[in-house]
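Read through the structure below, which is laid out as structure tokens, and then see the notes.
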Amino acid sequence: ACFKLNNGGYSSLYIPSEQKTYMVSRLTFLMFHGYLPECVSFVDGNSRNTRIENLREATPSQISCHRKKPSNNTSAFKGVSFSKQVGKYKATIIKKKKSYHLGYFDTPKEAHKAYCKAAKKLHGEFTRVA
């Protein structure tokens with residue numbers, strides 16, 4: 001077996017006899033719950049924190065809504081961008097690869113407030129607003 005850390009900061013374990021690589025978080029989940037989930041989400045958002053209390057089963061869609069604000073975001077708020085055509089801030093949220101327009105707002109804070117409300121409704125416990 002070979003343990004390594006990939007570019008995303010996720011630790012994995014290679015099992016030569018199976019010629020497969022498993023994420024350490026999924027193996028930890030397996031040890032405590034008795035089954036191997038398709039995906040595991042980190043409650044605190046830290047992929048190096050593989051303590052069982054920080055792991056929860058998730059779908060790929062739930063994983064994507066728990067992502068951090070993109071580094072190229074210029075509005076300083078997740079789910080908010082500036083629309084040059086309208087001259088206002090636009091709030092958008094994505095669920096299962098479908099984008100939902102939440103409206104145009106005068107300030108980025110107002111747009112972010114709309115994003116936060118929609119995120120709590122759509123994503124529940126997987127909501128990450130920052």
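Observations
- Ordering Met23, Met31 by accessible surface, largest first, gives Met31, Met23; the 1.4 Å probe counts only protein heavy atoms, with every chain in place.
- Summarising the label geometry, the points placed 7 Å from Cα in the beta-carbon direction at Lys20 and Thr127 lie 3.6 nm from one another.
- When all alpha carbon pairs of the stretch 52-130 are counted in 5 Å bins from zero, the resulting P(r) reads 3, 16, 25, 24, 16, 8, 4, 2, 1, 0 %.
- Of Lys68/Lys95; Lys20/Lys68; Lys88/Lys113; Lys20/Lys98; Lys69/Lys90; Lys20/Lys120, those spanning more than 25 Å from alpha-carbon to alpha-carbon: Lys20/Lys68; Lys20/Lys98; Lys20/Lys120
The values are calculated or read from the model by the stated rules, or taken from the named source; none is laboratory data. No experiment lies behind these values; they were computed from the predicted model shown. With ideal geometry, Cβ positions are generated from the backbone for all residues, glycine too; neighbour counts draw on all protein chains shown. Protein only, heavy atoms only, side chains kept; ligands, DNA and RNA dropped before computing areas. Shrake-Rupley method; radii C 1.70, N 1.55, O 1.52, S 1.80 Å.
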